[in-house]
Amino acid sequence: MGKSMFLRYDAKKSHRIVVFLPAFKCEKGVSEAIQAKLHGQAQDENFLRSLVYSGAIDIYIDGINEVSAETRAKICEFVEKNFRGNVIITTQPLEWIAPSTAKTYKLQPLTRLQIEQFLSERAARLGNEAKIKGDDYKKACKNYLVKILDNQLPSDELDASLRILSNPMDLSLVSTMISQSEHPDLFNLQQQQYNLMSAEYQREWKHDFPLKKFSMRIYQLRCNDETALPSDEFNKEIMSMEDEKYKMVVRREWSDINSNKTAKRMEFPP
């Protein structure tokens, strides 16, 4: 749990050149996926191979469990050929044969104390829209955890709750809901998040969120293996989903060397 967040955090604090690749981008090969991100001389296959082999760039490949066996094989082949390179691959529990040169590390789940500390520390990051702040927020978090992690609950339910709360992304959503005076339903978080967002959308724009139309458009994009959301077509909807309270979509920005401008696009979180 929290593998994508860990990679992005590590990439952000790194002083080295990092190429971050969702595993599905490696369908045609890792080198091809890297070349699609780079410009100029770095797009040259031989030059890129020398960069990777010498360890001049770090390559992060996220979510190998989300791709086909064929794509996994291509990723493994790339890692084994470039055994001197710096490559990190993340996966959820998966039956697969890792590259022979790989070392395995396991992200450990947060303890109850760490879960409480995480929620408590979020108090300093709550926005102006929060209905509960400061000590009242911290107290609400503590009361919520006492109830949801009651040792008298069935062990299966308790284990499932701890597993969900060990995911920093879900835990951040729990924090937001508590700050909005909501009681997070751990087994229905995404639906609860959508309900809150769509209710605010209706209040602001005076009509319902066009879920069916939006979903059909996203389905068409996924069929074409496109990840960028249609911001021009659904500007109001994506603005609502991007709101700090919901973070249902994320903004990607980068410098476009050709135009010398900042390019951006909206995507769903990984």
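For the chain, the longest principal axis of the Cα atoms and the long axis of helix 155-165 meet at an angle of about 60 degrees. Considering the chain as a Gaussian network with a 10 Å cut-off on Cα pairs, which listed residue, Leu110, Leu186, Leu51, attains the greatest mean-square fluctuation? Answer for the Gaussian network model of the chain: Leu51. Taking only alpha carbon atoms, region 3-89 gives an Rg to Rh ratio of 0.94, where Rh is the Kirkwood radius.
Taking the longest Cα principal axis of the chain as reference, the axis of helix 69-81 is set at about 60 degrees. Qualifying GluC sites (Glu not before Pro) in region 175-270, where qualification requires a DSSP coil assignment and no more than 14 other C-beta atoms within 10 Å, comprise Glu226, Glu233, Glu244. Shape annotation for region 184-237: C-alpha extents along the principal axes are 34, 30, 16 Å, from largest to smallest. Rounded to the nearest 10 degrees, the angle from helix 189-205 to the longest Cα principal axis of the chain is 80 degrees.
Pairs from the list Lys3/Lys25; Lys206/Lys247; Lys3/Lys139; Lys131/Lys247; Lys37/Lys74 with a Cα-Cα gap above 20 Å: Lys206/Lys247; Lys3/Lys139. Remark: region 88-239 is approximated by an ellipsoid whose semi-axes, taken from the C-alpha gyration tensor as √(5λ), come to 30, 27, 15 Å, largest first. Taken over the Cα atoms of the chain, the convex hull encloses 167 Å³ per residue.
What do you get for Rg/Rh over region 112-187 if you use C-alpha atoms and the Kirkwood form of Rh? Write out the running numbers ahead of the final one.
Working: Rg = 11.9 Å, Rh = 12.5 Å.
Over the Cα atoms of region 112-187, Rg/Rh equals 0.95.
Bear in mind these aren't lab numbers, they're just calculated from the coordinates by the rules spelled out. Computed from a prediction, not measured in an experiment: that's the story for all the values here. Virtual Cβ from ideal backbone geometry, glycine too; neighbours counted across all protein chains shown.
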